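Report on one structure; see the data block that follows.
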Amino acid sequence: MIRRLLLPAGLALCLCLGLWARQALVPRIQSETLYVFGTLVEVEIEGVSDRRASEAMAALGQLFRRLHRDWHAWRPGELGRLNQAIARGDSFESSPGLAALLAEGQELSSESGGLFDPGIGAMIGLWGFHADLPPEGPPPPDAEIEALAARHPSIAVLQIDGTRISSPNPAVQLDLGGFAKGAALDLAAEELRRRGISNAVLNAGGDVNVLGRKGARPWRVAIRSPFDWGAVAALDVQPGEMVYTSGNYERFLDQDGIRFSHILDPRSGRPVQGIVSATVLARNGALADAAATALSVAGPAHWQDTARAMGIDAALLIDDRGRISMTPAMAARVQLLEPAPVEIAGLGPQ
């Protein structure tokens, strides 16, 4: 009787050991969903204890809450107070973090030739794209758009003296939505590294910052189709890389079947046309975020010049006819998941 029980027990032990060995090869991933700037951010951390992951998630939650409060242009907070001071013609003493962010935004705007410009908050508000919900009703009157554009609001005129901020143009209203998400994820990635976490991914609505790897494999990211809920392409993202997409498929004004994109051309105050999605691969989230916007504004004829000026060598754009244009560097990395006309567009020397 005893001998008949020994074999199943030994077999069970072998099975348990085999199961344990297989589980040991599978990376342990802890995930949590946080919120910042109207976007849900999914954070996945691999290879640390539950306690360390929980502490890191709590720190990121605290960071995102602070940034959401201080960097939000349309709610009470530091940036809102700065915009009020600019409208009055007053200077403003900002925090070091906000001053650094504005200086970074000013530099990115300059590199883009002004196609990315966080100083056009009044234009964004005029169209109703400042709210969390999509705007309704007709577009703003042409006369109001033209009058505001004629005042040339731009972050370029912002005067940053240490932490003292002012603008000679009271029409400037700062809205950092074009790159604040990228900057926030950059800070979150720094926080994870500071805590010794080297393998993680931060996904904010398809905009992704990557640390390390997912076990033995790189993290794999899908590029959403602007025409449906599917994915048009996918690519493996290496440690330290970021993938950001700017498109008109989530925030827009729909009037009589015409879709007005939330991405505005700072020169005219009007929604961009031609490009419906621009994806950028870079090693800095704020740069990738800003560049995706700038390439959309540059349009089908000039996006390569803008990518070159901003130091972007991997980009993929989709126009309103579903045609894909991408740089050779992106073509070497991406796997298309849907059939589509494709053009490989070189950038020339940087």
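The values are calculated or read from the model by the stated rules, or taken from the named source; none is laboratory data. These figures come from a predicted structure and were not determined experimentally. All Cβ positions, glycine included, derive from the backbone under ideal geometry; neighbour counts span all protein chains shown.
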**OP:** For A85, state whether it is of a type in the set (G, A, S) and in a loop (DSSP other than H, G, I, E, B).
**Re:** no
Original post:
Across segment 234-285, which residue is farthest from L192 (Cα to Cα) among those that are among the small types (G, A, S) and assigned to a strand (DSSP E or B)?
Top reply: S261
**OP:** Would you check which residues across segment 278-305 are buried (at least 24 other Cβ atoms within 10 Å of the Cβ), out of contact with any strand residue (DSSP E or B) (no Cβ under 7 Å at 6 or more places or on another chain) and farther than 19 Å from I120 by Cα and list them?
**Re:** none
Original post:
Quick one: which of A53, A85 is modelled with pLDDT of 90 or more and farther than 15 Å from Q30 by Cα?
Top reply: A85
Original post:
Tell me, which residue of segment 134-160 that is within 24 Å of S112 (Cβ to Cβ) and charged (D, E, K, R) is surrounded by the fewest Cβ atoms within 10 Å (Cβ to Cβ)?
Top reply: E146
**OP:** Taking only segment 210-233 into account, find how many residues are farther than 22 Å from S198 by Cα, more than 17 Å from the chain's Cα centre (by Cα) and modelled with pLDDT of 90 or more.
**Re:** 3
Original post:
If you scan segment 281-291, which residues turn out to be within 10 Å of I312 (Cα to Cα) and either in contact with a Ser or Thr (Cβ under 8 Å, 6 or more places away or on another chain) or free of Cβ contacts under 8 Å to residues at least 24 places away in the same chain (or both)?
Top reply: A291
Original post:
Which of (1) crowded, with 20+ Cβ neighbours inside 10 Å; (2) part of a loop (DSSP other than H, G, I, E, B); (3) small (G, A, S) does S198 not meet, given it meets every other one?
Top reply: (1)
Original post:
Scanning for something part of a helix (DSSP H, G or I), surrounded by fewer than 15 Cβ atoms within 10 Å (Cβ to Cβ) and more than 22 Å from the chain's Cα centre (by Cα), does segment 114-133 turn up at least one residue?
Top reply: no
Subject >> Single condition I258 does not satisfy, out of (1) of a type in the set (V, I, T); (2) surrounded by fewer than 20 Cβ atoms within 10 Å (Cβ to Cβ); (3) touching a Gly at 6+ places or on another chain (Cβ under 7 Å) >> reply: (3)
